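S.K.: Quick one: structure below, then a few questions.
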Amino acid sequence: MPRGGRKIDRDDPERRCIVSGESGVVDEMIRFVLSPDGVVTPDLAEKLPGRGIWVTSTRAALETAISKRLFSRAAKAQAIVPDGMADLVAERLALRAIDAVAMTRKAGLAVTGFEKVKARLKKGPVGALIGARDGSEQGQAKLRPMAGEADLIHCFDSAELGLAFGRDFVIHAALDRGGATWRVLREAKRLSGFRPCAATHKEVDPDMIG
């Protein structure tokens, strides 16, 4: 999961979470709208028409909003929440995050593979260090001290990272700073509220899988 990252600008828009009642930056929240039929619809790209209903980007917050019927209260109208909404949001967040990682590859901001990542870290600061959550903790432990103050992301598994980079599996990646990397940080932050992000110590050799 991300650590540190881009400093929040005071002009960044804030929205109020219907669960906590507290305001927060939109980078850490999820927007929902009601369809014309009154169905609660996640708007992860924040482009759908209608009055936005905001929830902090965690499974616990969303499940609380659903169980306490807070969407209806916020909309002041009957709100229909489809079954499996939390799983749907988690799935869509993962797809957006993987797509964001793929964009860093296309932008020339990413390197993968233990040795290539190690060499990149030796050259200087990076925007983010990614380690697959099912990768070897031993390999990740060697790279983390070299990353300095860079964000650490552990919310993808090796197959998801492989999909982003056009390979079967990817365990380690380093992302240079840039607009595409900021998007990865944002999407990974939101995704981390919906899935465990710690490494699971699966037996994977970090030196053999890129």
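We did not get these values from a lab; they are worked out from the coordinates using the rules stated. Because the structure is a prediction, the values reported are computed rather than measured. Cβ sites come from the backbone with ideal geometry, for glycine too, and all protein chains shown count toward neighbours.
S.K.: Specify which residue in the list Ala60, Ile18, Ala100 is farthest towards the positive end of the charge dipole of region 1-135, using unit charges on the beta carbon of Lys, Arg (+1) and Asp, Glu (-1), about the Cα centre.
M.R.: Ala100
S.K.: Also, I was wondering about something else. Could you compute the net charge surrounding Leu48? Neighbours are other residues with a C-beta less than 15 Å from the C-beta of Leu48; K and R count +1, D and E count -1.
M.R.: Numbers: positive: Arg15, Arg31, Lys47, Arg51, Arg92, Arg96; negative: Asp37, Asp43, Glu46.
Once all neighbours under 15 Å are counted, the net charge is +3.
S.K.: Assign one of three labels to region 14-83, namely rounded, prolate or oblate, based on the Cα gyration tensor with a ≥ b ≥ c the square roots of its eigenvalues; rounded applies when a/c is under 1.5, prolate when it is not and a/b is larger than b/c, and oblate otherwise.
M.R.: On the way: a/c = 1.61, a/b = 1.19, b/c = 1.35.
Here region 14-83 falls in the oblate category.
S.K.: Separate question: What net charge do the residues around Met85 carry, taking every other residue with its C-beta under 12 Å from that of Met85, with Lys and Arg at +1 and Asp and Glu at -1?
M.R.: Numbers: positive: Arg59, Arg92; negative: Glu63, Asp83, Asp87, Glu91.
With Lys, Arg at +1 and Asp, Glu at -1, the neighbours total -2.
S.K.: If we count GluC sites (Glu not before Pro) as exposed when they sit in a DSSP loop and have at most 11 other beta carbons within 10 Å, what is the longest stretch of the chain that avoids them all?
M.R.: On the way: sites that count: Glu22, Glu149, Glu203.
Excluding the exposed sites themselves, the longest stretch runs over 23-148.
S.K.: Within the chain, which cysteines find no other Cys whose Cβ is under 4.7 angstrom from their own?
M.R.: Cys17
S.K.: For region 73-122, which trypsin sites (Lys or Arg not before Pro) are both in a DSSP coil and crowded by at most 11 other Cβ atoms within 10 Å? Write out the running numbers ahead of the final one.
M.R.: Details: sites: Arg73, Lys76, Arg92, Arg96, Arg105, Lys106, Lys116, Lys118, Arg120, Lys122; in loops: Lys76.
Passing both the DSSP loop test and the Cβ count: Lys76.
S.K.: For log10 I(q)/I(0) by the Debye sum over Cα atoms at q = 0.10, 0.11, 0.12 Å⁻¹, which listed value, (1) -0.67, -0.72, -0.77; (2) -0.53, -0.63, -0.74; (3) -0.46, -0.55, -0.64, comes from the coordinates shown?
M.R.: Only one option fits the structure, namely (3).
S.K.: Sticking with this one: Per the helix-only calculation at 222 nm, which mean residue ellipticity applies to the chain, given -39500 (n - 2.57) for every DSSP H run of n ≥ 4 and division by its residues, nearest 500 deg cm²/dmol? Let's see the in-between values first.
M.R.: Numbers: 7 runs with 76 residues, N = 210.
-11000 deg cm²/dmol, from helical runs alone.
S.K.: Rounded to the nearest 20 Debye, what is the dipole magnitude of the chain about its Cα centre when Lys and Arg each give +1 and Asp and Glu each give -1 at the C-beta? The partial results should precede the final answer.
M.R.: On the way: 34 positive and 28 negative charges, 113 e Å.
Dipole size: approximately 540 debye.
S.K.: For Ser20 paired with Arg69, estimate the spin-label separation in nm (one decimal), with each label point 7 Å from Cα along the Cα-to-Cβ line.
M.R.: That separation, rounded to one decimal, is 2.6 nm.
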